[in-house]
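The values are calculated or read from the model by the stated rules, or taken from the named source; none is laboratory data. Here the structure is a predicted model, which means the values were calculated and not measured. Cβ: placed from backbone, ideal geometry, glycine included. Neighbour counts: every protein chain shown.
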Amino acid sequence: VKFLVGKPGLDGHSNGAEQIAVRATDAGMDVIYDGIRLTPDEIVARAADGVHCVGLSILSGSHVAMTREVLAKLKAAGLAHVPVVVGGIIPPADAEILKAEGVAAIYTPKDFALNGIIHDIAGVVERAAG
Amino acid sequence: MNGAQMQRDKPWIFRTYAGHSTAAESNKLYRGNLAKGQTGLSIAFDLPTQLGYDSDDPMSRGEVGKVGVAISHLGDMRTLLDQIPVATMNTSMTINATACWLMALYVAVADEQGAPRAALSGTTQNDIIKEYLSRGSYVYPPAASLRLTKDLILWCAREAPKFNPMNVCSYHLQEAGATPVQELSYALATAVAVLDLVRASGQVSEERFADVVGAMSFFVNAGMRFVTELCKMRAFVELWDEIALERYGVKDPAKRRFRYGVQVNSLGLTEAQPENNAYRILIEMLSVTLSKRARARAVQLPAWNEALGLPRPFDQQWSLRIQQIMAYETDLLEYGDIFDGSKEIEAKVESLKALARAELAAIDEMGGAVQAIDSGYLKSKLVESNTARLEGIERGEQIVVGVNKFTTAEPSPLTAGEGIIYVPSAKAETDQIARLKAWREARDTRAVRTALEELRAAAKSGVNIMPASIVAAKAGVTTGEWGAALRGEFGEYRAPTCSASLSNSDGG
């Protein structure tokens, strides 16, 4: 499984993205993580590289705007089939908005079990493939 | 004994890290907080401001006014500080890559208010080293960034000696997973790297250098293991005294004092049963207030609902009250140091110091903090510690009440219903951009052009960037223009991706 961990926007708090990258790698995924402050265009260009899932980590409160842009650009690039999951400080109301727009799963601080998250992402990939 | 007659120590400064949306909204918030008994300001800037972009820059889309207030020019700073007397206020600004610029705007407003520069007190965070390590808000390459750090330190030493130009941060290291020993050693190594650089510049005399050491301040973190944290603070005090004396020959003990502000740990605050966070915040505060010998100069507390979203004014008030109750209702400030002579505390402090000294020596061996970042050593150590911490929680070895133990709970009335977090106005970004456009149209474009030329010349020649920045602030230059002028001279830094140090993966 090829998993892209992306940090769009200007926020530099990368601890969460790094821990997910470490654990996904340990679980045998092929992880791509290019560091902080990527533009949605850069993330989509990376996703075109045959990834099975895009994970976005956003902690600045700009998760709705950022995720919308990535989803729209994935679609425009013919990558609408690649599932997108999002992690961050995401209030429940925003989580509903994001799910309605096509985000496959949302992870917040209460999902402290990283192995659980990785397992869940594997499920997301499976369902998208099936 | 009559408490009223007793000699009480002055309480530390009470702050709340705050700021969002626009300057006018944040000013209202600050004045409200001050009216409730807050005694200092702690300004949170939005990410575009922290990174030197204007609010209408394509890079700023969606980020304007989100994690702090948007400050694009002198007019915004004026509005932010409206009716707040800069001469007597103690202001902490969480600003790093663009610290010189925000300080220039602050000084410009102080000049307008007629506040003498020598009266200015507060801090600019100005610790770029930890940005490369944990917080990620760097712009320029390390050498250029450190030169800006040095310029602000030297300018303050000359013009605003009461202002602390740098707040060396161990705070963000703990948030990134650092152990107490790592916090001690990495923060002290950062302070040493910057002071060595200032000394090597030859721009400050031996005698004045002691003042530069004395103006260094620190910004630390305090977590739930509060006895260890209390010992960590005592170790910081003793190690800093040692370094100031032995490495820098500072004779005056007052100038060797470890002066620090603190924001207690947010990493340990939980989204599950968030009401419990109120207790966690209080317990964390004990470690930085109980020891008289290692007491914080300024404390800011997070809010109980931070893991849910942005706190409301009520939530910030609840945290401020914790500090006021501790300082004014208890007898804490009537005593000397209540741990002096405790064998248990002393042994722990000594052990932390010994381990930190060994780690400091190892970093020195590598060539100092900057080299230890370049080589990826510090970053990989932090990621390792954070992985171990998270694994401990997952396996249930580290108990987190409400998260991995005691998870059965009554429904909380505190989190029921709508409006339990603050939702900033969606209009903030468009309002901010409209004001910025009007500002650009109203200013004297010739004065702006000249100021930017001088700024670029200063960046290139290596003279102190502050005078040209203050002139630029007064001429109406914007945050994005200042940022771009320096990007033009210094270039922009792209951190190496840490995938390699994260794992054995060849992906990325």
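Below, the figures for the structure above:
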| quantity | calculated |
| --- | --- |
| Given (1) over 18 Å from B:Arg225 (Cβ atoms); (2) free of Cβ contacts under 8 Å to residues at least 12 places away in the same chain, index of the condition B:Lys381 fails | (2) |
| Number of the condition not met by B:Met59 [criteria: (1) out of contact with any strand residue (DSSP E or B) (no Cβ under 8 Å at 6 or more places or on another chain); (2) in a loop (DSSP other than H, G, I, E, B); (3) within 14 Å of another protein chain (Cβ to nearest Cβ)] | (2) |
| Residues being farther than 22 Å from A:Ile89 by Cβ, surrounded by fewer than 22 Cβ atoms within 10 Å (Cβ to Cβ) and charged (D, E, K, R) - total across region B:19-56 | 4 |
| Any pair with Cβ under 6 angstrom, 6 or more apart, that starts in region B:193-217 at a residue that is within 12 Å of B:Gly249 (Cα to Cα) and ends at one that is part of a loop (DSSP other than H, G, I, E, B) and among the acidic types (Asp, Glu) | none |
| Residues located in region B:8-26, provided they are at pLDDT 95 or above and of a type in the set (Gly, Ala, Ser) | B:Ala23, B:Ala24, B:Ser26 |
| Residue ranges of strands (runs of 3 or more DSSP E) in region B:79-187 with at least 1 members within 30 Å of B:Ser385 (Cα to Cα), touching a residue at least 60 places away in the same chain (Cβ under 8 Å) and among the β-branched types (Val, Ile, Thr) | B:90-94, B:121-124 |
| Residue that is surrounded by fewer than 17 Cβ atoms within 10 Å (Cβ to Cβ), more than 14 Å from every other protein chain (Cβ to nearest Cβ) and modelled with pLDDT under 95, where the choices are B:Pro411, B:Pro424 | B:Pro411 |
| Criterion (buried (at least 24 other Cβ atoms within 10 Å of the Cβ), under 28 Å from B:Ala200 (Cβ atoms) and away from every other protein chain (no Cβ under 14 Å)) met by exactly one of B:Ala157, B:Ala104 | B:Ala104 |
| Selection count where residues are within 23 Å of the chain's Cα centre (by Cα), more than 10 Å from chain A (Cβ to nearest Cβ) and either among the hydrophobic types (A, V, I, L, M, F, W, C) or not in a helix (DSSP H, G or I) (or both), scope region B:377-404 | 1 |
| Residue under evaluation A:Lys2, criteria (1) more than 18 Å from B:Val64 (Cα to Cα); (2) modelled with pLDDT under 95; (3) within 10 Å of chain B (Cβ to nearest Cβ), criterion not met | (2) |
| Flag if B:Thr49 is part of a strand (DSSP E or B) and either of a type outside the set (Asp, Glu) or closer than 17 Å to A:Asp11 by Cα (or both) | no |
| Odd one out for B:Gln432 among (1) farther than 30 Å from B:Ser72 by Cβ; (2) of a type in the set (S, T, N, Q); (3) surrounded by 14 or more Cβ atoms within 10 Å (Cβ to Cβ) | (1) |
| Qualifying positions in region A:30-51 - at the interface with another protein chain (Cβ under 8 Å from one of its Cβ atoms) and surrounded by 21 or more Cβ atoms within 10 Å (Cβ to Cβ) | A:Val31, A:Ile32, A:Tyr33, A:Ile36, A:Arg37 |
| In region B:121-135, residue nearest to the other protein chains (Cβ to nearest Cβ) [restricted to those that are surrounded by 23 or more Cβ atoms within 10 Å (Cβ to Cβ) and not polar (S, T, N, Q)] | B:Arg135 |
| 1 or more residues surrounded by fewer than 16 Cβ atoms within 10 Å (Cβ to Cβ) and in contact with a Pro (Cβ under 7 Å, 6 or more places away or on another chain): qualifying helices (runs of 4 or more DSSP H) within region A:52-130 | A:114-129 |
| Number of positions in region B:476-508 that are modelled with pLDDT under 50 and either outside any loop (DSSP other than H, G, I, E, B) or away from chain A (no Cβ under 12 Å) (or both) | 4 |
| Residue identified as of a type in the set (Lys, Arg), within 14 Å of another protein chain (Cβ to nearest Cβ) and over 25 Å from B:Arg443 (Cα atoms) among B:Lys28, B:Lys66, B:Lys36 | B:Lys66 |
| Residue satisfying all of: in region B:296-332; part of a helix (DSSP H, G or I) and small (Gly, Ala, Ser); farthest from A:Ile106 (Cα to Cα) among these | B:Ala327 |
| Selection from region B:279-295 of residues that are over 19 Å from the mean Cα position of the chain (by Cα) and part of a helix (DSSP H, G or I) | B:Tyr279, B:Arg280, B:Leu282, B:Ile283, B:Leu286 |
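This table checks each residue for (1) over 20 Å from B:Ile399 (Cβ atoms); (2) under 22 Å from the mean Cα position of the chain (by Cα); (3) at pLDDT 95 or above; (4) more than 14 Å from chain A (Cβ to nearest Cβ).
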residue: B:Phe209; (1), (2), (3), (4): yes, no, yes, yes
residue: B:Met233; (1), (2), (3), (4): yes, yes, yes, yes
residue: B:Leu239; (1), (2), (3), (4): yes, yes, yes, yes
residue: B:Asp252; (1), (2), (3), (4): yes, no, yes, yes
residue: B:Val262; (1), (2), (3), (4): yes, yes, yes, yes
residue: B:Asn265; (1), (2), (3), (4): no, yes, no, no
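Conditions (1) more than 12 Å from chain B (Cβ to nearest Cβ); (2) farther than 26 Å from B:Gly392 by Cβ; (3) at pLDDT 95 or above, marked per residue:
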| residue | (1), (2), (3) |
| --- | --- |
| A:Val70 | no, yes, yes |
| A:Ala93 | no, yes, no |
| A:Ala104 | yes, yes, yes |
| A:Lys110 | no, no, no |
| A:Ile121 | yes, no, yes |
